[in-house]
Amino acid sequence: MFIVTSKVKFVLFGLCFIFLFMALLVSCFNTDTNTETVYRCDKYLEAPLGIRVLIQKDVKETEIEISHPYSISDLNSNKILASRTNLPKSVIFLKSGEFRIKPQASLTTSEASATFVKTNSNVGIVSDNGFIKIDKSKYRGKLILVPQNKDRFSVLEEIGIEEYLPGVIEGEMPTLWREEAIQAQVIAARTYAIYKKKTMPCIT
């Protein structure tokens, strides 16, 4: 008759533990491409997400200034409509299907406005080496002008999520907080931004 001693029990327990550990290790290194992985970051790391942030909604006009060379494109056709050296502080507005600008210096005079770009689709503005200023706030990403009804329009910023996060974190918590707390806030903000991108409809 085989008698199970405490020593044998210890050995059996150790073998079971090793077996479970090996099974877990194999599952972690499973390279089967047919198996769906729920938490997977490789695609995100290869091409970080870009997000669109609503800056202004349904406005009749807004102030704009660009101090570096910039380009204007039709986002429906991806066609470059114009490339210019800079744009002094001006007021931009929508009139009869075209975006028009009027320099701030001429607001008190009778100087006529000029056509900024004429298009019926969304307009993208990209500055080569600088910021685009909208109503005293600077933006480093692509700005998108979205025509609405009754000569109104919305302004969005399209920016990479990693470039978007620093500004968000600065506005949400003091920089003197512990590094671990800031890192946790970065994770929370990134997760929320990705969630909103996947669940919220985009303004078109």
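Read-outs throughout are calculated quantities, based only on the coordinates presented, and are distinct from any laboratory measurement. Please read all numbers here as calculations on a predicted model, not as lab measurements. Here the Cβ is made from the backbone with ideal geometry for all residues, glycine too, and neighbour counts use every protein chain on show.
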Check your understanding: So what's the net charge close to Ser83: Lys and Arg +1, Asp and Glu -1, counting the other residues with Cβ under 15 Å from its Cβ?
Key -> +1
Revision key, fill the gap. Per DSSP, the loop-located trypsin sites (Lys or Arg not before Pro) within the stretch 113-195 having at most 13 other beta carbons within 10 Å are Lys136, Lys150, Arg178
Review point. How much length is gained on full extension from Gln183 to Lys79, taking 0.36 nm per residue of separation minus their Cα-Cα distance?
Key: 33.5 nm
Review point. So what is the relative contact order for the stretch 50-160, in percent, with contacts set as C-alpha pairs under 8 Å and at least six apart?
Key: 35 percent
Practice item. Measure of size requested: the Rg and Dmax of the stretch 50-160, with Cα atoms as the atom set and Å as the unit; please supply both. Key: 13.0, 42
Practice item. Restrict the search to the stretch 114-204; then list the chymotrypsin sites (Phe, Trp or Tyr not before Pro) that DSSP places in a loop and that have at most 12 other Cβ atoms within 10 Å of their Cβ. Key: Trp177
